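Quick one: this structure, given as C-alpha coordinates, is what I'll be asking you about.
The values are calculated or read from the model by the stated rules, or taken from the named source; none is laboratory data. The structure presented is a predicted model; accordingly, all values stated were derived computationally and were not measured. Backbone-built Cβ (ideal geometry, glycine too); neighbour counts: all protein chains shown. Just the protein is used for accessible areas: all its heavy atoms, side chains included, with ligands, DNA and RNA removed. Shrake-Rupley method; radii C 1.70, N 1.55, O 1.52, S 1.80 Å.
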Amino acid sequence: MASVRVRFAPSPTGFLHVGGARTAIFNWLYARRHGGTFVLRIEDTDAERQQAGSEAAILEDLRWLGLEADEGPVLQSAAIERHVGDAQALLARGHAYRCFCSAEALERARREGRDFIYPRTCRALSPEDATRRASAGEPCAVRFRVPVGTVEWDDAVHGPTAFPHDTIEDFVLLRSDGTPTYQMSVVSDDIAMAITHVIRGDDHLSNTPKQILLYRGLERTPPTFAHLPMILGEDKKRLSKRHGAVSVLEYRERGYLPEAMLNFLALLGWAPGGDREKLNRAELIAAFDLDGVGKSGAVFDLRKLDWLNGQYLNDLDAEQLATALEPRLAAAGWWRPEFDARPRPAAFTGALELLKARARTLDDFVAHGRPYLDAGNDIPYDAAAAEKHLKGQDVAEHIGALVAAFAEVEPWSAIALEAALREVASARSVSAGRLIHPTRIAVTGEGVGPSLFAVLEVLGRERTLGRLRRLVDALPGRPL
Ligand code: GLU
(Lines give C-alpha, C1' and ligand atoms only; values in the text may rest on other atoms or scores of the structure.)
Protein backbone atom coordinates (compact mmCIF):
# COMPACT_ATOMS: atom_id res chain seq x y z
CA MET A 1 0.00 0.00 0.00
CA ALA A 2 1.22 3.50 -0.88
CA SER A 3 2.44 5.37 2.16
CA VAL A 4 -0.16 7.54 3.85
CA ARG A 5 -0.40 11.15 2.68
CA VAL A 6 -2.99 13.39 4.29
CA ARG A 7 -3.61 17.11 4.15
CA PHE A 8 -5.13 19.92 6.14
CA ALA A 9 -6.53 22.48 3.75
CA PRO A 10 -7.84 25.56 5.54
CA SER A 11 -9.25 28.54 3.70
CA PRO A 12 -7.63 31.71 5.07
CA THR A 13 -10.93 33.36 5.91
CA GLY A 14 -10.37 34.03 9.61
CA PHE A 15 -8.91 32.47 12.73
CA LEU A 16 -8.34 28.75 13.22
CA HIS A 17 -11.65 27.48 14.56
CA VAL A 18 -11.71 24.59 17.04
CA GLY A 19 -13.40 22.51 14.32
CA GLY A 20 -10.58 23.23 11.89
CA ALA A 21 -8.03 22.45 14.58
CA ARG A 22 -9.76 19.12 15.25
CA THR A 23 -9.57 18.28 11.52
CA ALA A 24 -5.88 19.20 11.49
CA ILE A 25 -5.24 17.07 14.58
CA PHE A 26 -6.95 13.99 13.14
CA ASN A 27 -4.97 14.29 9.90
CA TRP A 28 -1.72 14.86 11.77
CA LEU A 29 -2.36 11.94 14.14
CA TYR A 30 -3.22 9.67 11.24
CA ALA A 31 0.00 10.61 9.45
CA ARG A 32 2.10 10.14 12.57
CA ARG A 33 0.43 6.85 13.45
CA HIS A 34 1.13 5.39 10.01
CA GLY A 35 4.52 6.96 9.36
CA GLY A 36 2.91 9.09 6.66
CA THR A 37 3.16 12.66 5.47
CA PHE A 38 1.08 15.59 6.71
CA VAL A 39 0.67 18.27 4.07
CA LEU A 40 -0.57 21.79 4.76
CA ARG A 41 -2.37 23.48 1.89
CA ILE A 42 -3.75 26.99 2.11
CA GLU A 43 -6.88 27.26 -0.05
CA ASP A 44 -6.48 30.88 -1.00
CA THR A 45 -8.41 30.94 -4.25
CA ASP A 46 -11.52 32.74 -3.01
CA ALA A 47 -10.27 36.32 -3.01
CA GLU A 48 -13.55 37.73 -1.72
CA ARG A 49 -13.74 35.66 1.45
CA GLN A 50 -10.07 35.94 2.32
CA GLN A 51 -8.90 37.96 5.29
CA ALA A 52 -5.53 39.62 5.56
CA GLY A 53 -3.40 38.01 8.25
CA SER A 54 -5.52 34.89 8.41
CA GLU A 55 -2.90 32.57 6.94
CA ALA A 56 -0.27 33.74 9.43
CA ALA A 57 -2.74 33.38 12.32
CA ILE A 58 -3.66 29.83 11.29
CA LEU A 59 0.00 28.83 10.94
CA GLU A 60 0.76 30.29 14.35
CA ASP A 61 -2.07 28.34 16.02
CA LEU A 62 -0.99 25.11 14.31
CA ARG A 63 2.56 25.68 15.53
CA TRP A 64 1.25 26.35 19.04
CA LEU A 65 -0.59 23.02 18.97
CA GLY A 66 2.60 21.32 17.78
CA LEU A 67 1.18 20.28 14.42
CA GLU A 68 4.19 20.79 12.22
CA ALA A 69 3.56 20.09 8.54
CA ASP A 70 5.90 17.75 6.68
CA GLU A 71 5.16 19.61 3.44
CA GLY A 72 3.85 23.10 2.93
CA PRO A 73 2.30 25.47 3.44
CA VAL A 74 1.49 25.13 -0.25
CA LEU A 75 -0.66 27.89 -1.70
CA GLN A 76 -3.54 26.61 -3.78
CA SER A 77 -3.43 29.77 -5.89
CA ALA A 78 -0.01 28.76 -7.22
CA ALA A 79 -1.53 25.88 -9.18
CA ILE A 80 -4.53 27.54 -10.85
CA GLU A 81 -3.17 26.73 -14.31
CA ARG A 82 -3.17 23.02 -13.47
CA HIS A 83 -6.74 23.25 -12.11
CA VAL A 84 -7.85 24.88 -15.39
CA GLY A 85 -5.91 22.29 -17.39
CA ASP A 86 -7.67 19.45 -15.56
CA ALA A 87 -11.06 21.04 -16.24
CA GLN A 88 -10.18 21.31 -19.91
CA ALA A 89 -9.09 17.67 -19.97
CA LEU A 90 -12.51 16.72 -18.58
CA LEU A 91 -14.16 18.85 -21.27
CA ALA A 92 -12.06 17.25 -24.01
CA ARG A 93 -13.00 13.76 -22.79
CA GLY A 94 -16.70 14.60 -22.79
CA HIS A 95 -17.04 14.50 -18.98
CA ALA A 96 -17.87 18.20 -18.95
CA TYR A 97 -19.78 20.62 -21.14
CA ARG A 98 -20.06 24.34 -21.73
CA CYS A 99 -22.99 26.10 -20.13
CA PHE A 100 -24.26 29.37 -21.59
CA CYS A 101 -27.07 29.97 -19.10
CA SER A 102 -26.77 33.49 -17.73
CA ALA A 103 -25.99 34.01 -14.09
CA GLU A 104 -29.13 36.16 -13.77
CA ALA A 105 -31.42 33.48 -15.18
CA LEU A 106 -29.94 30.89 -12.82
CA GLU A 107 -30.23 33.25 -9.89
CA ARG A 108 -33.92 33.83 -10.68
CA ALA A 109 -34.59 30.09 -10.85
CA ARG A 110 -32.67 29.56 -7.62
CA ARG A 111 -34.84 32.07 -5.81
CA GLU A 112 -38.01 30.34 -7.02
CA GLY A 113 -37.31 26.80 -5.87
CA ARG A 114 -35.91 25.97 -2.48
CA ASP A 115 -33.74 23.01 -3.43
CA PHE A 116 -32.83 24.31 -6.84
CA ILE A 117 -30.41 22.19 -8.76
CA TYR A 118 -29.30 23.23 -12.23
CA PRO A 119 -31.73 21.57 -14.73
CA ARG A 120 -28.82 20.46 -16.94
CA THR A 121 -30.16 22.68 -19.74
CA CYS A 122 -26.92 23.06 -21.75
CA ARG A 123 -26.05 19.39 -21.46
CA ALA A 124 -28.12 18.83 -24.60
CA LEU A 125 -26.05 21.20 -26.75
CA SER A 126 -23.84 19.49 -29.30
CA PRO A 127 -20.11 19.92 -28.64
CA GLU A 128 -19.75 21.54 -32.07
CA ASP A 129 -22.43 24.16 -31.35
CA ALA A 130 -20.97 24.84 -27.94
CA THR A 131 -17.44 25.22 -29.28
CA ARG A 132 -18.68 27.58 -32.00
CA ARG A 133 -20.55 29.81 -29.52
CA ALA A 134 -17.58 29.89 -27.17
CA SER A 135 -15.18 30.76 -30.00
CA ALA A 136 -17.53 33.57 -31.03
CA GLY A 137 -16.95 35.04 -27.59
CA GLU A 138 -20.19 34.08 -25.84
CA PRO A 139 -19.49 33.80 -22.11
CA CYS A 140 -19.82 30.31 -20.72
CA ALA A 141 -19.01 28.20 -17.68
CA VAL A 142 -17.83 24.59 -17.76
CA ARG A 143 -19.97 22.06 -15.91
CA PHE A 144 -19.38 18.44 -15.05
CA ARG A 145 -21.68 15.95 -16.78
CA VAL A 146 -22.87 13.88 -13.82
CA PRO A 147 -23.48 10.38 -15.17
CA VAL A 148 -26.70 8.50 -14.55
CA GLY A 149 -26.35 6.09 -11.65
CA THR A 150 -25.39 6.32 -8.02
CA VAL A 151 -22.06 7.44 -6.59
CA GLU A 152 -21.03 5.13 -3.79
CA TRP A 153 -18.04 4.97 -1.52
CA ASP A 154 -17.07 3.26 1.69
CA ASP A 155 -16.53 6.13 4.08
CA ALA A 156 -13.96 5.33 6.77
CA VAL A 157 -16.33 6.79 9.37
CA HIS A 158 -19.84 6.40 7.97
CA GLY A 159 -19.39 3.13 6.10
CA PRO A 160 -21.14 2.62 2.75
CA THR A 161 -22.50 5.96 1.55
CA ALA A 162 -24.45 6.66 -1.63
CA PHE A 163 -25.69 9.72 -3.51
CA PRO A 164 -28.04 9.09 -6.43
CA HIS A 165 -27.63 11.00 -9.68
CA ASP A 166 -30.65 13.25 -9.20
CA THR A 167 -29.22 14.70 -5.98
CA ILE A 168 -25.96 15.73 -7.65
CA GLU A 169 -25.97 18.91 -9.66
CA ASP A 170 -24.00 19.22 -12.89
CA PHE A 171 -21.61 21.37 -10.89
CA VAL A 172 -19.40 24.11 -12.26
CA LEU A 173 -15.69 23.40 -12.83
CA LEU A 174 -14.76 26.69 -14.48
CA ARG A 175 -16.70 29.91 -13.99
CA SER A 176 -17.49 32.12 -16.97
CA ASP A 177 -14.47 34.26 -16.05
CA GLY A 178 -12.31 31.16 -16.49
CA THR A 179 -11.46 30.65 -12.80
CA PRO A 180 -11.68 27.14 -11.34
CA THR A 181 -14.14 26.31 -8.55
CA TYR A 182 -13.43 24.73 -5.18
CA GLN A 183 -14.39 21.22 -6.41
CA MET A 184 -12.01 21.39 -9.34
CA SER A 185 -9.08 22.89 -7.45
CA VAL A 186 -9.37 20.54 -4.50
CA VAL A 187 -9.39 17.38 -6.61
CA SER A 188 -6.66 18.63 -8.91
CA ASP A 189 -4.49 19.39 -5.87
CA ASP A 190 -5.30 16.19 -4.00
CA ILE A 191 -4.27 14.22 -7.10
CA ALA A 192 -1.11 16.26 -7.63
CA MET A 193 -0.18 15.83 -3.96
CA ALA A 194 -0.92 12.09 -4.08
CA ILE A 195 -3.27 12.36 -1.10
CA THR A 196 -4.34 8.90 0.07
CA HIS A 197 -6.86 9.87 2.78
CA VAL A 198 -9.16 12.88 2.86
CA ILE A 199 -10.13 13.40 6.49
CA ARG A 200 -12.44 16.39 6.98
CA GLY A 201 -15.67 17.57 8.58
CA ASP A 202 -19.15 16.24 7.87
CA ASP A 203 -19.99 19.57 6.26
CA HIS A 204 -18.07 18.33 3.20
CA LEU A 205 -20.09 15.11 2.85
CA SER A 206 -22.12 16.38 -0.13
CA ASN A 207 -18.95 17.48 -1.94
CA THR A 208 -17.54 13.98 -1.89
CA PRO A 209 -19.71 12.38 -4.62
CA LYS A 210 -18.80 15.27 -6.92
CA GLN A 211 -15.14 14.91 -6.15
CA ILE A 212 -15.24 11.13 -6.69
CA LEU A 213 -16.74 11.76 -10.13
CA LEU A 214 -13.85 14.10 -10.94
CA TYR A 215 -11.33 11.41 -10.00
CA ARG A 216 -13.09 8.96 -12.26
CA GLY A 217 -13.29 11.48 -15.10
CA LEU A 218 -9.56 12.09 -14.73
CA GLU A 219 -8.97 8.33 -14.57
CA ARG A 220 -7.57 8.38 -11.07
CA THR A 221 -8.45 6.24 -8.08
CA PRO A 222 -10.22 8.29 -5.41
CA PRO A 223 -8.60 8.43 -1.99
CA THR A 224 -10.22 7.04 1.15
CA PHE A 225 -12.70 9.56 2.57
CA ALA A 226 -13.38 9.99 6.27
CA HIS A 227 -15.98 12.52 7.42
CA LEU A 228 -15.69 13.64 11.01
CA PRO A 229 -18.80 14.23 13.14
CA MET A 230 -19.92 17.77 13.79
CA ILE A 231 -18.86 19.55 16.96
CA LEU A 232 -21.88 20.52 19.04
CA GLY A 233 -22.54 22.93 21.88
CA GLU A 234 -24.01 21.68 25.17
CA ASP A 235 -27.51 22.20 23.71
CA LYS A 236 -26.61 19.68 20.95
CA LYS A 237 -26.75 22.42 18.30
CA ARG A 238 -23.83 22.98 15.98
CA LEU A 239 -21.06 24.77 17.89
CA SER A 240 -21.02 28.48 17.13
CA LYS A 241 -20.03 31.78 18.69
CA ARG A 242 -23.32 31.71 20.55
CA HIS A 243 -21.83 28.95 22.72
CA GLY A 244 -18.70 30.93 23.61
CA ALA A 245 -15.16 30.94 22.32
CA VAL A 246 -14.69 29.02 19.08
CA SER A 247 -11.22 30.09 17.98
CA VAL A 248 -8.09 28.33 19.16
CA LEU A 249 -6.56 31.74 19.82
CA GLU A 250 -9.17 32.60 22.44
CA TYR A 251 -8.39 29.45 24.42
CA ARG A 252 -4.70 30.10 24.10
CA GLU A 253 -5.15 33.63 25.39
CA ARG A 254 -7.18 32.43 28.35
CA GLY A 255 -4.33 30.26 29.46
CA TYR A 256 -5.08 26.77 28.21
CA LEU A 257 -1.98 24.71 27.49
CA PRO A 258 -1.35 23.35 24.00
CA GLU A 259 -1.02 19.77 25.31
CA ALA A 260 -4.43 20.01 27.00
CA MET A 261 -6.06 21.56 23.95
CA LEU A 262 -4.56 18.88 21.68
CA ASN A 263 -5.76 16.12 24.00
CA PHE A 264 -9.23 17.64 24.37
CA LEU A 265 -9.79 18.27 20.64
CA ALA A 266 -8.50 14.78 19.76
CA LEU A 267 -11.31 13.34 21.89
CA LEU A 268 -14.01 15.27 20.00
CA GLY A 269 -15.46 12.45 17.95
CA TRP A 270 -12.75 9.90 18.66
CA ALA A 271 -12.35 7.57 21.63
CA PRO A 272 -9.15 5.67 22.28
CA GLY A 273 -11.00 2.75 23.87
CA GLY A 274 -11.29 1.97 27.56
CA ASP A 275 -12.05 5.01 29.66
CA ARG A 276 -8.80 6.82 28.99
CA GLU A 277 -9.16 10.58 28.80
CA LYS A 278 -5.73 12.01 29.48
CA LEU A 279 -3.35 11.06 26.69
CA ASN A 280 -0.16 12.85 25.84
CA ARG A 281 1.07 13.39 22.29
CA ALA A 282 2.85 10.05 22.01
CA GLU A 283 -0.09 8.17 23.53
CA LEU A 284 -2.52 9.85 21.14
CA ILE A 285 -0.36 8.87 18.17
CA ALA A 286 -0.05 5.28 19.36
CA ALA A 287 -3.80 4.94 19.93
CA PHE A 288 -5.24 6.87 17.00
CA ASP A 289 -7.15 5.23 14.21
CA LEU A 290 -10.17 6.08 12.09
CA ASP A 291 -12.01 3.01 13.44
CA GLY A 292 -12.47 4.80 16.74
CA VAL A 293 -14.16 7.84 15.15
CA GLY A 294 -17.86 8.09 15.95
CA LYS A 295 -20.64 8.96 13.53
CA SER A 296 -22.71 11.24 15.71
CA GLY A 297 -21.97 14.77 16.86
CA ALA A 298 -19.36 15.41 19.55
CA VAL A 299 -20.21 17.80 22.37
CA PHE A 300 -17.66 20.48 23.23
CA ASP A 301 -17.61 20.16 27.02
CA LEU A 302 -15.80 23.12 28.54
CA ARG A 303 -15.73 21.50 31.99
CA LYS A 304 -13.81 18.60 30.55
CA LEU A 305 -11.34 20.98 28.93
CA ASP A 306 -10.92 22.77 32.28
CA TRP A 307 -10.36 19.48 34.03
CA LEU A 308 -7.80 18.31 31.48
CA ASN A 309 -6.01 21.63 31.54
CA GLY A 310 -5.83 21.45 35.33
CA GLN A 311 -4.27 18.01 35.00
CA TYR A 312 -1.65 19.25 32.56
CA LEU A 313 -0.93 22.31 34.70
CA ASN A 314 -0.32 20.02 37.63
CA ASP A 315 2.27 18.11 35.62
CA LEU A 316 4.40 21.23 35.15
CA ASP A 317 7.24 21.84 37.58
CA ALA A 318 7.78 25.29 39.04
CA GLU A 319 10.35 26.26 36.42
CA GLN A 320 8.05 25.31 33.53
CA LEU A 321 5.19 27.15 35.21
CA ALA A 322 7.30 30.24 35.75
CA THR A 323 8.22 30.32 32.07
CA ALA A 324 4.62 29.84 30.98
CA LEU A 325 3.33 32.46 33.41
CA GLU A 326 5.87 35.23 33.06
CA PRO A 327 4.11 37.18 30.25
CA ARG A 328 0.76 36.99 32.02
CA LEU A 329 2.10 37.93 35.45
CA ALA A 330 4.11 40.75 33.92
CA ALA A 331 1.05 42.09 32.13
CA ALA A 332 -0.91 42.01 35.39
CA GLY A 333 1.90 43.77 37.22
CA TRP A 334 2.65 40.85 39.56
CA TRP A 335 6.06 39.90 38.12
CA ARG A 336 8.92 41.19 40.29
CA PRO A 337 12.57 41.38 39.15
CA GLU A 338 13.69 38.90 41.84
CA PHE A 339 11.56 36.20 40.14
CA ASP A 340 14.13 36.22 37.32
CA ALA A 341 16.82 34.74 39.60
CA ARG A 342 18.06 31.16 39.07
CA PRO A 343 17.30 29.18 41.00
CA ARG A 344 13.98 30.96 41.40
CA PRO A 345 13.27 32.27 44.93
CA ALA A 346 11.64 29.63 47.13
CA ALA A 347 8.78 31.94 48.08
CA PHE A 348 7.96 32.30 44.39
CA THR A 349 8.16 28.63 43.41
CA GLY A 350 6.34 27.69 46.61
CA ALA A 351 3.53 30.07 45.69
CA LEU A 352 3.24 28.59 42.19
CA GLU A 353 3.07 25.07 43.65
CA LEU A 354 0.25 26.12 45.98
CA LEU A 355 -1.70 27.91 43.25
CA LYS A 356 -1.37 25.16 40.68
CA ALA A 357 -3.31 22.62 42.73
CA ARG A 358 -6.49 24.64 42.23
CA ALA A 359 -5.75 26.31 38.88
CA ARG A 360 -7.70 25.39 35.79
CA THR A 361 -5.98 27.86 33.44
CA LEU A 362 -2.90 30.06 33.47
CA ASP A 363 -5.27 32.98 34.01
CA ASP A 364 -6.27 31.48 37.38
CA PHE A 365 -2.73 32.17 38.59
CA VAL A 366 -3.23 35.80 37.72
CA ALA A 367 -6.71 35.96 39.28
CA HIS A 368 -5.56 34.43 42.58
CA GLY A 369 -1.84 35.14 42.48
CA ARG A 370 -1.52 38.62 43.87
CA PRO A 371 -1.50 37.80 47.62
CA TYR A 372 1.26 35.27 47.01
CA LEU A 373 3.41 37.36 44.68
CA ASP A 374 2.96 40.84 46.08
CA ALA A 375 5.70 41.90 48.51
CA GLY A 376 3.34 44.32 50.22
CA ASN A 377 0.53 43.73 52.69
CA ASP A 378 -2.18 45.81 51.12
CA ILE A 379 -4.39 42.89 50.08
CA PRO A 380 -8.03 43.55 49.15
CA TYR A 381 -10.53 41.43 51.13
CA ASP A 382 -13.31 39.48 49.50
CA ALA A 383 -16.48 41.17 50.80
CA ALA A 384 -18.55 38.03 51.31
CA ALA A 385 -15.72 36.27 53.17
CA ALA A 386 -15.14 39.32 55.35
CA GLU A 387 -18.85 39.57 56.14
CA LYS A 388 -18.91 35.93 57.19
CA HIS A 389 -15.71 35.61 59.21
CA LEU A 390 -14.62 39.03 60.48
CA LYS A 391 -17.71 39.95 62.47
CA GLY A 392 -17.63 39.84 66.24
CA GLN A 393 -15.82 42.02 68.73
CA ASP A 394 -13.45 39.23 69.70
CA VAL A 395 -11.87 38.61 66.29
CA ALA A 396 -9.34 41.41 66.70
CA GLU A 397 -8.31 40.10 70.13
CA HIS A 398 -7.91 36.53 68.91
CA ILE A 399 -5.81 37.62 65.96
CA GLY A 400 -3.80 39.96 68.17
CA ALA A 401 -2.92 36.95 70.34
CA LEU A 402 -2.06 34.93 67.26
CA VAL A 403 0.33 37.65 66.06
CA ALA A 404 2.15 37.47 69.40
CA ALA A 405 2.44 33.69 69.15
CA PHE A 406 3.52 33.67 65.48
CA ALA A 407 6.18 36.27 66.22
CA GLU A 408 7.94 33.65 68.39
CA VAL A 409 7.43 30.55 66.20
CA GLU A 410 10.62 28.65 65.32
CA PRO A 411 11.16 27.32 62.74
CA TRP A 412 8.75 29.10 60.39
CA SER A 413 7.14 25.92 59.09
CA ALA A 414 3.60 24.80 58.37
CA ILE A 415 3.75 22.24 61.18
CA ALA A 416 5.02 24.70 63.80
CA LEU A 417 2.53 27.35 62.69
CA GLU A 418 -0.36 24.94 62.97
CA ALA A 419 0.73 23.89 66.46
CA ALA A 420 1.03 27.55 67.52
CA LEU A 421 -2.42 28.43 66.18
CA ARG A 422 -4.06 25.46 67.90
CA GLU A 423 -2.40 26.41 71.16
CA VAL A 424 -3.73 29.97 70.96
CA ALA A 425 -7.20 28.67 70.12
CA SER A 426 -7.29 26.30 73.07
CA ALA A 427 -5.86 28.91 75.47
CA ARG A 428 -8.70 31.24 74.39
CA SER A 429 -11.29 28.42 74.43
CA VAL A 430 -12.36 28.89 70.80
CA SER A 431 -12.33 26.50 67.88
CA ALA A 432 -9.31 26.61 65.57
CA GLY A 433 -11.70 27.69 62.79
CA ARG A 434 -12.33 31.00 64.59
CA LEU A 435 -8.67 31.81 63.98
CA ILE A 436 -8.13 30.03 60.67
CA HIS A 437 -10.80 31.87 58.66
CA PRO A 438 -9.81 35.42 59.64
CA THR A 439 -6.15 34.51 59.16
CA ARG A 440 -6.83 33.27 55.65
CA ILE A 441 -8.66 36.48 54.81
CA ALA A 442 -5.86 38.55 56.33
CA VAL A 443 -3.14 36.92 54.24
CA THR A 444 -4.92 36.04 50.98
CA GLY A 445 -8.04 38.23 51.01
CA GLU A 446 -10.08 35.13 50.11
CA GLY A 447 -12.40 32.85 52.06
CA VAL A 448 -11.08 29.65 50.49
CA GLY A 449 -7.74 28.54 49.14
CA PRO A 450 -4.90 26.09 49.58
CA SER A 451 -3.98 24.70 53.00
CA LEU A 452 -3.56 27.75 55.23
CA PHE A 453 -0.41 26.64 57.03
CA ALA A 454 1.34 25.87 53.75
CA VAL A 455 0.32 29.35 52.58
CA LEU A 456 1.79 30.97 55.72
CA GLU A 457 5.02 29.04 55.35
CA VAL A 458 5.40 30.24 51.76
CA LEU A 459 4.51 33.84 52.59
CA GLY A 460 7.11 33.97 55.36
CA ARG A 461 7.11 35.60 58.75
CA GLU A 462 7.29 39.21 57.66
CA ARG A 463 4.35 39.23 55.28
CA THR A 464 2.22 37.01 57.51
CA LEU A 465 2.69 39.20 60.59
CA GLY A 466 2.35 42.40 58.55
CA ARG A 467 -0.95 41.26 57.03
CA LEU A 468 -2.33 39.98 60.34
CA ARG A 469 -1.50 43.32 62.00
CA ARG A 470 -3.15 45.18 59.16
CA LEU A 471 -6.31 43.14 59.69
CA VAL A 472 -6.29 43.81 63.42
CA ASP A 473 -5.97 47.54 62.71
CA ALA A 474 -8.93 47.41 60.37
CA LEU A 475 -11.25 45.62 62.81
CA PRO A 476 -13.56 47.11 65.39
CA GLY A 477 -12.75 46.19 68.97
CA ARG A 478 -9.04 46.00 68.38
CA PRO A 479 -6.87 46.05 71.49
CA LEU A 480 -5.30 49.45 72.17
N1 GLU B 1 -10.77 24.61 2.28
C2 GLU B 1 -11.84 23.80 2.75
C3 GLU B 1 -12.34 24.36 4.07
O4 GLU B 1 -11.67 25.15 4.70
C5 GLU B 1 -11.44 22.37 3.02
C6 GLU B 1 -11.37 21.59 1.78
C7 GLU B 1 -11.29 20.10 2.01
O8 GLU B 1 -10.91 19.65 3.09
O9 GLU B 1 -11.60 19.40 1.05
O10 GLU B 1 -13.43 24.03 4.46
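Step by step: first the residues of region 20-29, then only those that are closer than 18 Å to E71 by Cβ and open to solvent by 10 Å² or more (accessible area, probe 1.4 Å), then the one that is nearest to the ligand (Cβ to nearest atom). Which residue is that? Full working, then the answer.
Initially, region 20-29 is screened for residues closer than 18 Å to E71 by Cβ, giving 23-29.
Subset that is open to solvent by 10 Å² or more (accessible area, probe 1.4 Å): 23, 28.
On the way: T23: 7, W28: 14 Å.
Out of the qualifying residues, it is T23.
Select from region 184-201 the residues that are surrounded by fewer than 19 Cβ atoms within 10 Å (Cβ to Cβ) and at negative phi and write down the one among them that is nearest to the chain's Cα centre (by Cα). Before the answer, list the steps.
The initial filter retains those residues of region 184-201 that are surrounded by fewer than 19 Cβ atoms within 10 Å (Cβ to Cβ), namely 191-192, 194, 201.
Then keep just the ones that are at negative phi; that gives 191-192, 201.
Values: I191: 30, A192: 30, G201: 15 Å.
Once the filter is applied, the top-ranked residue is G201.
Same structure, new question: Would you say L284 is open to solvent by less than 20 Å² (accessible area, probe 1.4 Å) and without any contact (Cβ under 8 Å) to a residue 40 or more places away in the chain?
Values: open to solvent by less than 20 Å² (accessible area, probe 1.4 Å): yes; without any contact (Cβ under 8 Å) to a residue 40 or more places away in the chain: no.
No: the conditions fail for L284.
Let me confirm something: among T179, T221, which residue is more than 16 Å from the ligand (Cβ to nearest atom) and of a type in the set (S, T, N, Q)?
Working: T179 fails: more than 16 Å from the ligand (Cβ to nearest atom).
It is T221.
Turning to a different aspect of this structure: Looking only at region 1-19, filter to residues that are open to solvent by 20 Å² or more (accessible area, probe 1.4 Å) and within 12 Å of the ligand (Cβ to nearest atom); which one of those is nearest to the chain's Cα centre (by Cα)? Break it down stepwise before answering.
Just the residues of region 1-19 that are open to solvent by 20 Å² or more (accessible area, probe 1.4 Å), to begin with: 1-3, 5, 9, 11, 13, 15, 17.
With within 12 Å of the ligand (Cβ to nearest atom) added as a condition, the list becomes 9, 11, 13, 17.
On the way: A9: 17, S11: 17, T13: 17, H17: 7 Å.
So the residue we want is H17.
Conditions: (1) exposed (fewer than 13 other Cβ atoms within 10 Å of the Cβ); (2) closer than 30 Å to P160 by Cβ. G297 meets all but one. Number of the miss?
With respect to (1) exposed (fewer than 13 other Cβ atoms within 10 Å of the Cβ); (2) closer than 30 Å to P160 by Cβ, G297 is out only on (1).
Here are the criteria: (1) away from the ligand (no atom under 12 Å from the Cβ); (2) of a type in the set (V, I, T); (3) at pLDDT 95 or above; (4) assigned by TED's automatic domain parsing to the domain that holds P139. Tell me which single one T167 does not satisfy.
Tallying (1) away from the ligand (no atom under 12 Å from the Cβ); (2) of a type in the set (V, I, T); (3) at pLDDT 95 or above; (4) assigned by TED's automatic domain parsing to the domain that holds P139, T167 fails exactly one: (3).
With the structure loaded, tell me whether A266 is within 19 Å of L228 (Cα to Cα), within 14 Å of the chain's Cα centre (by Cα) and of a type in the set (G, A, S) or whether it fails that test. Please lay out each step first, then the result.
Working: within 19 Å of L228 (Cα to Cα): yes; within 14 Å of the chain's Cα centre (by Cα): yes; of a type in the set (G, A, S): yes.
Criteria met by A266.
A further question on this structure: Looking at L218, L205, L214, can you tell me which residue is touching a Leu at 6+ places or on another chain (Cβ under 9 Å), assigned by TED's automatic domain parsing to the domain that holds P147 and open to solvent by 10 Å² or more (accessible area, probe 1.4 Å)?
L218
Is there any pair with a first residue in region 5-26 that is over 14 Å from E60 (Cα atoms) and a second that is in a helix (DSSP H, G or I) and more than 7 Å from the ligand (Cβ to nearest atom) whose Cβ atoms are under 6 Å apart and which are 6 or more apart or on different chains, and what are they?
Cβ pairs passing all conditions: V6/N27; V6/Y30; V6/A31; F8/A24; F8/N27; R22/L265; I25/L265; I25/A266.
If D364 satisfies every condition in (1) assigned to a helix (DSSP H, G or I); (2) buried (at least 19 other Cβ atoms within 10 Å of the Cβ); (3) touching a helix residue (DSSP H, G or I) at 6+ places or on another chain (Cβ under 7 Å) but one, which is the exception?
Exception for D364: condition (3).
Would you mind stating whether V458 is open to solvent by 20 Å² or more (accessible area, probe 1.4 Å), not basic (K, R) and not in a helix (DSSP H, G or I)? Give the derivation first.
Numbers: open to solvent by 20 Å² or more (accessible area, probe 1.4 Å): yes; not basic (K, R): yes; not in a helix (DSSP H, G or I): no.
When the stated conditions are applied, V458 does not pass them.
With the requirement that a residue be free of Cβ contacts under 8 Å to residues at least 40 places away in the same chain and either in a loop (DSSP other than H, G, I, E, B) or at positive phi (or both), what does region 27-71 give you?
Across region 27-71, the qualifying residues are H34, G35, D44, A47, E48, R49, Q50, Q51, A52, G53, E68, D70.
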